[in-house]
Each structure stands twice: as structure tokens, then as C-alpha cells.
1. Output yes when any residue across region 116-130 is open to solvent by less than 40 Å² (accessible area, probe 1.4 Å) and either closer than 19 Å to Val145 by Cβ or at pLDDT 95 or above (or both), and no when none is.
2. Which residue pairs have Cβ atoms under 6 Å apart, sit 6 or more places apart or on different chains, and have a first residue in region 72-85 that is without any contact (Cβ under 8 Å) to a residue 24 or more places away in the chain and a second that is of a type outside the set (S, T, N, Q) and crowded, with 16+ Cβ neighbours inside 10 Å?
3. Name every residue in region 86-100 that is in contact (Cβ under 8 Å) with a residue 60 or more places away in the chain and under 15 Å from the mean Cα position of the chain (by Cα), in order of residue number.
4. Condition first: over 13 Å from the mean Cα position of the chain (by Cα) and either open to solvent by less than 40 Å² (accessible area, probe 1.4 Å) or among the aromatic types (Phe, Trp, Tyr) (or both). Now tell me which residues in region 60-85 satisfy that.
5. Between residues in region 48-69 that are within 17 Å of Phe125 (Cα to Cα) and residues that are outside any strand (DSSP E or B) and open to solvent by 60 Å² or more (accessible area, probe 1.4 Å), which pairs lie under 9 Å by C-beta distance while being six or more apart or on different chains?
6. Restricting to region 35-49, name every residue that is touching a Ser or Thr at 6+ places or on another chain (Cβ under 7 Å) and part of a strand (DSSP E or B).
7. Report the residue count in region 50-90 for those that are of a type outside the set (Gly, Ala, Ser) and outside any strand (DSSP E or B).
8. If you check Arg36 against the conditions, is it within 18 Å of Gly135 (Cβ to Cβ) and among the basic types (Lys, Arg)?
Amino acid sequence: MAHYITSVSTPLSPEEAFAYMADVRHFAEWDPGVTRAVRVTGDGQSVGSAYDLTVKAGGTTVMRYVVKAYEAPRRVFLVSRTTFFVSEDEIRVTPVGTGSVVTYDAILTLRGPLGLLDPLLRVAFRRIGDRAAAGMRKALRGTEVVA
């Protein structure tokens, strides 16, 4: 299992930050690993909505993310299941003063015997996550929150 978590302090209100981050179609704007993001079912604001993300990961692949929890303006939880792994992504927004803090928490779990490759996955996932976090800070006009 590989885990990546980052938090960004942004001047955006919780409602603005949530609206931007919870609309998964925006992922292609801030995550350099995502080349295309399309909503394929649902309204995007309810459980069961689904998005196809075209990602660069040793080639190009399409991952279908399904919204499992949607609690505006504070939390959205998405899951993608492929033949090789499960990706669980949670976005949380916390009000802070007139702005907010956005936390992106992602867990990538290799399936079956591929789990033996977890140490390599952790290293690669850290690099992928760092690039996405930089894009997220830019999109939210924010700064990294250091724990």
C-alpha cells in the first residue's frame, strides 16, 4: 500500500475550494499525471457519480473513479478499482479564518501478488504525489501546510 497526503492553505472559502476540488473534471488542470477527466455518470454532486480519468502511468490508462461519499462543502471520497490496484482518494476542506485548508489523502493498494511490489510503488507514488501537490497549490493559490 502506498499513501500520500498533502494539505494546502488557500484564501478560497471552503465552498469555493470544495466546489473546485470535488469536481473531478478539474483534476486534469492541476495534476500533471492526469491528461483528461470526464464525468460519465451522475451529476457530480452525489454518490454514484463517476469520472473517467486518463492517466500517465507507464503508458496511458483510463481509470474510472466513483464517488462513494459527497458531503459538501467538507468532504468527497472517490474510489477507482482496476485489475492491478485500488485507488482511494479523499478530499477534505476545513474552514480557517476567511479561507480554508484542503487536504488530499490518497491510498494506492496493489491487488493480489502485485503487493510484493509495494516498496517500489511507495517511491513512485511519492514523486507522482509531489507533482500533483504542486499543481494543487497553484490551482488553489495556496501554500503547503507543514504538519
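1. Yes.
2. Taking only residues 6 or more apart or on different chains, the pairs are Arg75/Arg92; Phe77/Glu90; Val79/Val66; Val79/Glu88.
3. Ile91, Val93
4. If the condition is that a residue be over 13 Å from the mean Cα position of the chain (by Cα) and either open to solvent by less than 40 Å² (accessible area, probe 1.4 Å) or among the aromatic types (Phe, Trp, Tyr) (or both), then Ala69, Tyr70, Thr82, Phe84, Phe85 are the ones that fit.
5. Note: pairs meeting the criteria are Lys56/Pro32; Ala57/Ile128; Met63/Ala57.
6. Thr35, Arg36, Arg39, Thr41
7. Residues meeting the conditions: 5.
8. yes
The values are calculated or read from the model by the stated rules, or taken from the named source; none is laboratory data. Since the structure is predicted, the reported quantities are computational estimates derived from the model, not experimental observations. Cβ coordinates were reconstructed from backbone atoms using ideal geometry, including for glycine residues, and neighbour counts include every protein chain displayed. The accessibility values were calculated without ligands, DNA or RNA, using every heavy atom of the protein model including side chains. Shrake-Rupley method; radii C 1.70, N 1.55, O 1.52, S 1.80 Å.
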